[in-house]
1. Being within 16 Å of the ligand (Cβ to nearest atom), farther than 30 Å from Leu344 by Cα and not aliphatic (A, V, I, L, M) narrows it down to one residue among Gln72, Gln17; which is it?
2. Looking at Ala264 and the list (1) open to solvent by 40 Å² or more (accessible area, probe 1.4 Å); (2) part of a helix (DSSP H, G or I), which single condition is not satisfied?
3. Looking for something within 12 Å of the chain's Cα centre (by Cα), surrounded by fewer than 23 Cβ atoms within 10 Å (Cβ to Cβ) and within 18 Å of Ser334 (Cα to Cα) - is there at least one such residue anywhere in segment 211-234?
4. Testing Leu245 on (1) under 16 Å from the mean Cα position of the chain (by Cα); (2) within 16 Å of the ligand (Cβ to nearest atom); (3) open to solvent by less than 60 Å² (accessible area, probe 1.4 Å), one condition comes back false. Which one is that?
5. Take residues that are open to solvent by less than 30 Å² (accessible area, probe 1.4 Å) and modelled with pLDDT of 95 or more and tell me which of the helices (runs of 4 or more DSSP H) falling wholly in segment 1-90 contain 1 or more.
6. Among the residues of segment 207-217, write down those that are within 10 Å of the ligand (Cβ to nearest atom) and closer than 21 Å to Leu371 by Cβ.
7. Could you grab me the full set of residues in segment 160-193 that are of a type in the set (D, E, K, R) and within 13 Å of the ligand (Cβ to nearest atom)?
Amino acid sequence: MKKRTRVTHPPQVRVPQDNRPLVAPIYQSVKFTFDDVAATLGQFKGERDGFYYSRVSNPTLRQLELTLAELQGRDGCLLTGSGVAAISMPLLALLRGGDHVVHFAELYGPTRALIGRLLHRYGVNSTMLSIDDLDGLERVLASTPTRLVVFESPTNPVLKVADLERLTSLARRHGALTLLDNTLAGLHNHGEFDVDLYVHSLTKYASGHGDVMGGAIIGRADLVAALRDDVSILGPTLDPHAAYLVQRGLKTYFVRWDAQCANALRVAQHLATHPRVSRVRYPGLPGDPGHALARRQMQGFGTIVTFDLADGLEAGNRFAEALQLFAIAASLGSTESLVVPPALEQPRGMTAEQRAWSDIGPGTVRLSIGLEDIDDLIADLDAALARPG
Ligand SMILES: Cc1ncc(COP(=O)(O)O)c(C=O)c1O
């Protein structure tokens, strides 16, 4: 073989069958080949195992899919390049013009925009409610045939806890599918509820280090398999290297989750005693409106603490700027602590009633609690709160 050919056809290194790497290799290959056409066709038709093109499937992604499905207590999983893609793909694949969707004012902003704005262009109708109003949900489901109910628990940023038992049984009774964005609850929570599809931003707790984006759609294998064909045409797949990084992050998932939840509880308890703080929302606090439900539904109360500064928006912005350890940044669930100041938290494109449902006030600050020493975090919060508002 001439050198010009060799660089395109490098030598194959085969690992013997009885000699395995402890960490699975990254299959950073777009294409997979068989020796003959019959085998290739067999793989196409699903008559045999194997891989052909990484937009459709890839062994590195497959390992992550199997891990995440097991964590969530289901047997089907499909990976996407971001959390938002994991939300939009099932909506595009499941909905048709004329279908009706119920969603909530407390949802992540892009999810609301996708349902209320983008899908409207394709003739999908929607009703927005508050996640507190399950009586309203029952009325809507009884009066309007509904294909899908899209919800979150706990919600972002105010951490309202949805009654999963009631919500899912209402949807089931009225023939609607449920899609739960389970990102804030973590990958191990809510598997015992009758949810059809879970979606996660893997950008958050799964990868855990703020250096990779990804998303997952998890559900019963038959439902996920039915989505897979449509999703592979839409083409939002995760890159194998990103899948490897998420798989790597998962090794420390439970250790990080436990430590960050413990830090978050301490922060919430501390803020609740501060005179400048008018309200703290953290489901782990016994006085929180979501505490009883969260105790029943979740293992660990999460790592987000949201509170209101009594003196409002400008004071909240200055507080965020005064923090030294908490960066002003989006996202959550990584090892470092972050703050979202009120100016960046205000809901946009909502009616006055919907804004009231969202429960975001002029002084609402969201903290994402990391793995730092708790004494350093509390000292930083105290110093920023000690600055005049
Ligand atoms: C609840 C929730 N869902 C989905 C997303 C979107 O995830 P990604 O940024 O990976 O697209 C986010 C991001 O902040 C989120 O908070």
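1. Only one candidate passes the filter, namely Gln72.
2. Result: Ala264 fails condition (1) only.
3. yes
4. Every condition holds for Leu245 apart from (1).
5. Passing ranges, in order: 37-44, 59-72.
6. Once the filter is applied, which keeps residues that are within 10 Å of the ligand (Cβ to nearest atom) and closer than 21 Å to Leu371 by Cβ, segment 207-217 yields Ser207, Val212, Met213, Gly214.
7. Passing the criteria: Lys160, Asp181.
This table checks each residue for (1) over 29 Å from Asn182 (Cβ atoms); (2) in contact with a Ser or Thr (Cβ under 7 Å, 6 or more places away or on another chain); (3) within 16 Å of the ligand (Cβ to nearest atom).
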residue	(1), (2), (3)
Ala38	yes, no, no
Gln43	yes, no, no
Glu47	yes, no, no
Pro59	no, no, no
Arg62	no, no, no
Glu65	no, no, no
Met89	no, yes, yes
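The values are calculated or read from the model by the stated rules, or taken from the named source; none is laboratory data. Model, not experiment: these values are computed from the prediction. Counting neighbours? That spans all protein chains shown, and the Cβs are built from the backbone with ideal geometry, glycine included. Accessible surface is based on the protein model in full, side chains and every heavy atom, while ligands, DNA and RNA are left aside. Shrake-Rupley method; radii C 1.70, N 1.55, O 1.52, S 1.80 Å.
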